[in-house]
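Input: a single structure, listed below in structure tokens.
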Amino acid sequence: MNEQKNMSLGQELVTLLKTNIRDYMMYIALVVIMAFFSWRTNGGFISARNISNLINQAGYVAILAIGMTIILIIKHIDLSVGYVAGFCGAVAAILMTQHGVNEWLTILIVLILGALIGLYQGTLVTRVGVPAFVATLAGQFMFRGLLSLSLESTGTIIVPNKGFNALSNGFIPDLPFGTDLHMLTLIIGVVLVVAMIYSQLKERRNKQKYNFQVSSNAVFIIKMVAFAAIIMIIMYTLADYSGIPWTAVIVGVVLFAYNYVLNQTRLGRYVYGIGGNDQAAELSGINVKRVTLYAFISVSTLAALAGVLFTSRLQSATPQAGLGFELDAIASSYIGGVAVSGGIGRVTNTIIGSLVIMSLTNGMNLMGVGISYQYIVKGIIFIIAVAFDIRTRKSVR
Amino acid sequence: MSDYILEMRNIVKEFPGVRALDNVNFRVQRGEIHCLVGENGAGKSTLMKVLSGVYPHGTYEGDIVYNGEVMNFKSIADSEAKEIAIIYQELALIPELSLYENIYYGHEIVKGHKIDWNETIVRAKEMLDKVRLNADPSMKVKELGVGNQQLVEIAKALSKNVKLLILDEPTAALNEDDSQNLLQLIRELKESGVTCIMISHKLREITAIADTITVLRDGATICSIDCHEYEVTEAEIIKHMVGREMDNIYPPRAEHEFGDIAFELKDWTVVDPAKDGREILHHVNINVRKGEIVGLQGLMGAGRTELALSVFGNTAGYKITSGEMYMDGKQVHFKSARSAIDGGLAYVSEDRKGNGLILIQDIKYNITIANLQALMSGTSVNKNEEIMQANYYKDSINIKAPSVEQLVGNLSGGNQQKVQVAKWMFVKPNVLILDEPTRGIDVGAKFEIYTLMNRLVEEGMSIIMISSELPEVLGMSDRLYVMSEGTITGELTAEEATEERVMAMAIKGGAQDE
């Protein structure tokens, strides 16, 4: 510990880089992918308009991936999320158009529906003992059927509700004295930066109070400036167009909540423990079945939310909704560094993973790359990420 | 005059941040039994992995000279081609396959492109005869006990025509009888010309069987002792291993009075639905007083671990058909590990890697996981407090690691065991069940665990110690129960207990059954 104190700034940065190589590679990969598409599209990819668009498109994948990350950490899988999202989106459309339920009550009902689906699949896994792969594969069949059944008589349902459609197409309102730039977005950016610096400072103080080693002042300042710059650049880009999309707000809130639960609470500890060694977790007094059940309820509830976002994005419910969503969610988690053997993973990194996946989709669409090639490219990036992950992660005896 | 089958010269093996082997020299004579001893982390297993090609040529420095030639093993297959076989502590058999399939797994007997199963069965039977295992080659491995599985492993090695056999703690999981059998078999193999390297912590076995003993400490060769020159004592080996004299293997315990009965089982009968509803525990009556260490001795399969698991929240899903459990005189019903923990009971698993620790997590995580409620501030876990607590236990019981952020999977067996104990100390239970607390850990670490046990009972805790090692049970227990075939066959005070009496009780039930 004392050695670290005497390190030069350069040495400290190198050490930092070495210990976090896995995370940094992911950020670098994202930047490289974004730079590549910006170059190929003459800046079209990085334009304020397209970035806003990208966020609106990526929202439902990010939400699905957050739920999937927890499922993968505890060494299960959920193959049904795609059609659960599709089915829940269809139910939302039906409630609003055929039963005249208002959009907010609709969303609540659909989320409860998602939770019940999760309860059903989680019960199969934890109480009946059906492997998650099988239980959710069966779910994939069933919810696909339910989706097409529910739209059988009407075909695609157009959703007229403005509030609902704003979720994935709208932006937060601006202050009344609007300028060219979206002022509220910039203000939120500043608030986020201040909040981040405040919480980081507090954590640092707290550590110093306990006499723990903290990074040197120089490194801390570099880190803070870098993070602040990233936040402000993104916020400025968004302010230059129409401001923060509602999707970003929703994803942000879900991400914040899940990150808090996983990193700060007992439940989060239990999730990692179960993924690391479920038998040891059981003997440590953790109710493995209950935590597993919660994870399934959470993933299906988030799938329902993703269904709402997707339906809102298309402003309609279609029988094709949900096709292949689970693949994007699983790929996002793994690209985001969830260990294939379970027990390791972070939802914040999963978001980066889903940005990688959605940047690929969006960028290749802009470039006019055919869908067949898109799948192949995504597959290659996916396998490179996982292979790199396995090679860099030191095996534990 | 000496004919060396193997010479390892100036072997250096480095891992990030650690020099595991530092210029080790190791020579084995043809046809001898060579015991390799040393504390955990001394480098024994690493040395054997270098030899067998697990760490391929190029990842270490130095030379391996085998039969006079320098070897550059790239993989285990390379070393096996030279008739070197290694049998690990964790057996590498496939439980669902038959004995003959296992014995020839990886080097099947083929005729044309097809496996010749008839020939395989005949030859497997020969190999089983050689290891004196009287079993049907077509039975499944999982139907055998650990001791016999060990024999199957050796049969497998023999089927490869092995000339140099490496055994990594072969008797660690075996009871006294099986151990004696195995040692006898190793002697017979020696007669038939097989050279054996045996890693072991059981010094009594080593002094009984070894021709040469090499001691490693901190990644360096300390000495090689020729056992034919003079009578080697356990004390001498220990001295070389730890670098100091150890007068007493069992630390003395301060005289203290026992309190009231802290834990009691009455008429405890348990059925295992997974084993066709067989009764695995019959009318067990035991008790422990406050401040007492009670030993629970018995052969492998006597039902000791099953007893512990059925008591500790019954996580294995047994059916408890009769009986009552009391903590401090009050009847309790533990329906989960959590309720047992909350009720003041803790269980240190015999299988620290399998169900005791979470290897991919760090020391602080493992120490605190069973008692996170003690670290809560609001809804979140206080991570600074967590580090403080973990550091306290790390220093207090001397867990050797650079920091509490070290992954548990990277610790030596003894230190892993200490993490397990620290985890339950942090829970502060009234009654602690220790299941094989010193399995596979070295003399120095054993002494530390014993000292820790003394400290805990002096503070008023009650300990039930399950162990297969007779000397340990006799050395540490204030009182002991002997179990056989799920029945308590005897109760002895420390004064009454002798190895002979305990063994007689331990095999008593076994004779009647089946």
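The values are calculated or read from the model by the stated rules, or taken from the named source; none is laboratory data. Not measured: the values here are computed from a predicted model. Here the Cβ positions follow ideal geometry from the backbone for every residue, glycine too, while neighbour counts run over all protein chains shown.
So here's what we get for this one:
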| read-out | value |
| --- | --- |
| Pair list, Cβ < 6 Å and 6+ apart or interchain, from segment A:195-210 residues that are within 12 Å of chain B (Cβ to nearest Cβ) to residues that are part of a helix (DSSP H, G or I) | A:206/B:384; A:210/B:384 |
| Tally, over segment B:309-334, of residues that are within 14 Å of residue B:272 (Cα to Cα) and not basic (Lys, Arg) | 11 |
| All positions within segment B:325-335 that are within 11 Å of another protein chain (Cβ to nearest Cβ) and either charged (D, E, K, R) or surrounded by fewer than 19 Cβ atoms within 10 Å (Cβ to Cβ) (or both) | B:335 |
| Residue B:164 within 21 Å of residue B:197 (Cα to Cα) and buried (at least 23 other Cβ atoms within 10 Å of the Cβ) | yes |
| Any hit, segment B:422-443, residues being at pLDDT 85 or above, in a loop (DSSP other than H, G, I, E, B) and surrounded by fewer than 18 Cβ atoms within 10 Å (Cβ to Cβ) | yes |
| Test: residue in segment A:73-81 that is among the hydroxyl-bearing types (Ser, Thr, Tyr) and either modelled with pLDDT under 95 or part of a helix (DSSP H, G or I) (or both) | no |
| Test: residue B:254 is within 14 Å of chain A (Cβ to nearest Cβ) and either without any contact (Cβ under 8 Å) to a residue 24 or more places away in the chain or surrounded by fewer than 21 Cβ atoms within 10 Å (Cβ to Cβ) (or both) | no |
| Residue match in segment A:192-205 (condition: in contact with a helix residue (DSSP H, G or I) (Cβ under 6 Å, 6 or more places away or on another chain) and surrounded by fewer than 14 Cβ atoms within 10 Å (Cβ to Cβ)) | no |
| Extreme residue, farthest from the other protein chains (Cβ to nearest Cβ), among residues of segment A:274-286 that are without any contact (Cβ under 8 Å) to a residue 40 or more places away in the chain and in a helix (DSSP H, G or I) | A:281 |
| Where residue A:164 falls short, out of the listed (1) closer than 14 Å to residue A:87 by Cβ; (2) buried (at least 16 other Cβ atoms within 10 Å of the Cβ); (3) among the aromatic types (Phe, Trp, Tyr) | (1) |
| Subset of segment A:211-260 that is of a type in the set (Val, Ile, Thr) and over 28 Å from residue A:170 (Cβ atoms) - its residue that is nearest to the other protein chains (Cβ to nearest Cβ) | A:214 |
| Residue tally, condition under 18 Å from residue A:46 (Cα atoms), part of a helix (DSSP H, G or I) and at pLDDT 90 or above, over segment A:237-248 | 1 |
| Subset tally (residues that are touching a Phe, Trp or Tyr at 6+ places or on another chain (Cβ under 6 Å), closer than 27 Å to residue A:103 by Cα and assigned to a helix (DSSP H, G or I)) for segment A:296-355 | 4 |
| Entirely in segment B:454-506, the strands (runs of 3 or more DSSP E) that have 1 or more residues that are surrounded by 19 or more Cβ atoms within 10 Å (Cβ to Cβ) and aromatic (Phe, Trp, Tyr) | B:479-484 |
| Residues of segment B:336-361 that turn out to be crowded, with 19+ Cβ neighbours inside 10 Å and among the basic types (Lys, Arg), as a count | 1 |
| Of the criteria (1) over 18 Å from the mean Cα position of the chain (by Cα); (2) at the interface with chain B (Cβ under 10 Å from one of its Cβ atoms), which one residue A:319 fails | (2) |
| Hits in segment A:13-35 (condition: surrounded by fewer than 15 Cβ atoms within 10 Å (Cβ to Cβ) and within 15 Å of residue A:360 (Cβ to Cβ)) | A:31, A:32, A:35 |
| Total residues in segment A:310-319, condition surrounded by fewer than 24 Cβ atoms within 10 Å (Cβ to Cβ) and either small (Gly, Ala, Ser) or in contact (Cβ under 8 Å) with a residue 60 or more places away in the chain (or both) | 5 |
| Checklist (1) in contact with a helix residue (DSSP H, G or I) (Cβ under 6 Å, 6 or more places away or on another chain); (2) of a type in the set (D, E, K, R); (3) under 30 Å from residue B:206 (Cα atoms); (4) part of a helix (DSSP H, G or I) applied to residue B:400, failing item | (4) |
| Output for segment B:342-390, where each listed residue is more than 10 Å from chain A (Cβ to nearest Cβ), touching a residue at least 24 places away in the same chain (Cβ under 8 Å), more than 17 Å from residue A:269 (Cβ to Cβ) and not in a strand (DSSP E or B) | B:344, B:350 |
| Residue under evaluation residue B:96, criteria (1) of a type in the set (D, E, K, R); (2) touching a residue at least 40 places away in the same chain (Cβ under 8 Å); (3) in contact with a Phe, Trp or Tyr (Cβ under 7 Å, 6 or more places away or on another chain), criterion not met | (3) |
| Segment A:170-184 residues that are modelled with pLDDT under 75, paired with ones that are surrounded by fewer than 17 Cβ atoms within 10 Å (Cβ to Cβ) (beta carbon under 8 Å, 6 or more apart) | A:177/A:183 |
| Selection count, segment B:129-160, where residues are touching a strand residue (DSSP E or B) at 6+ places or on another chain (Cβ under 6 Å) and within 19 Å of residue B:179 (Cα to Cα) | 2 |
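Residues are listed down the side, and each one gets a yes or a no for (1) at pLDDT below 90; (2) over 22 Å from residue B:354 (Cα atoms):
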{"site": "B:98", "(1), (2)": "no, yes"}
{"site": "B:135", "(1), (2)": "yes, yes"}
{"site": "B:146", "(1), (2)": "yes, no"}
{"site": "B:150", "(1), (2)": "yes, no"}
